[in-house]
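Coordinate-derived values only; no laboratory data. What you see is a predicted model; the values in this text were computed from it and never measured. Virtual Cβ from ideal backbone geometry, glycine too; neighbours counted across all protein chains shown.
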Amino acid sequence: MNTPAVKSDNTGLVFDHETLPQRVRFGAGRAADNLADEVRRLGAKAVMVIAAPTESDLAQAICADVDVAVRFDDVAPHVPVDKAVRAREVAAEHRIDLLVSVGGGSTTGLAKAVALTTGIPIVAVPTTYAGSEATNVWGMTEAARKTTGVDSRVLPTTVIYDATCMLTLPADLAVASGLNALAHGVDSMWAPRADPINRALAAEAIGALADGMRAITADSTDLAGHEQTLYGAYLSAVAFASAGSGMHHKICHVLGGAYDLPHAHTHAIVLPHVLAFNADAAPEAAGRIAAALGADDAVHGLEALRRDVHAPTALREIGLDESRLDEAVELIMPVIPPSNPRPVTEQTLSLLLRNAWSGAEAERTRM
């Protein structure tokens, strides 16, 4: 069993908490100016911009005042190892001393893959609510298996948040990405290194994300709604980086890597089922989640939010074949954290995955 991150003794609370060093610049319409400032501050001479083809125009505008040595656009979900190797080669060929990523989690993840072996610093400009920009977690996929790890070299030195970058985000992706961010907060309540600080950050994040997502679902041009969602996504990711990967993230990392499922949608679909599984075994955490969602019950509060924002509901609808469920259970069981609030068996995990696959409503009684 993992050593608890927080415990009580005669002196009161005792816990260990680490805050990761990172600069955050937040402001709508300020991405280009803030990036140019950061490039000057860091003294960079050879900048490599990583952005997928769909983000090319946005990256061009944001980097207008930056002398770019090379642009790299071969970005793919789950960071295939061969693409990471090529990006590293390009960085070496151009003697790059700063990476600028403009995009979602896949783009940030590719920049992290380069930084992992080179130590080149990253300035991240997120265009989704993925949260990868605020963590020291990396992940790469090879032969249908996703490997993740933690390394200080992959934490971006600066994150530049600009809500105007979210205004063209498709509605379905905005919802899935926002729920992915919310999953960071929920998992942080009971992850292996959960402590009072990251629980407090997670609760604030969940509330901001719920408010922001409802606002942008009602009006995709609501800049204040996008700002609230970005703010919540950042806090949630910071909490997650401190608390570590809980049961939810272990499930989703395996599913995404093994079956090439879209990252954000997988998180959005699996989350209510993990919450329903753990809630009764972690009443304090469930109470915090419920309060953050403005509900009497955490599971009901999350389901209400999901209905309001038209969340995706079934893994079968995003490409997971029913015949792979038994294999998925075998792959996931060894990586479930022993500190999970409720013991996990092959039978209970199988039922959880089948409910998530079919789109059944998350209910405690089903466990």
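Annotations
- Each other residue within a Cβ distance under 13 Å of residue 232 adds +1 if Lys or Arg and -1 if Asp or Glu, for a net charge of -2.
- Percentage relative contact order, the stretch 23-166, counting C-alpha pairs under 8 Å, at least six apart: 29 percent
- For the chain, the relative contact order works out to 15 percent when only alpha carbon pairs closer than 8 Å and six or more residues apart are counted.
- Each part reduced to its alpha carbon centroid, the stretch 40-86 and the stretch 310-348 end up 34 Å apart.
- Overall form of the stretch 170-366 per C-alpha gyration tensor (a/c, 1.5; a/b vs b/c): oblate
- Estimated at 0.36 nm per residue, the fully extended path between residue 56 and residue 15 surpasses their Cα-Cα distance by 10.3 nm.
- Within a Gaussian network of the chain (alpha carbon springs, distance under 10 Å), most fluctuating of 30, 324, 153: 324
- In this label model, residue 23 and residue 358 are separated by 5.3 nm, measuring between points 7 Å along each Cα→Cβ vector.
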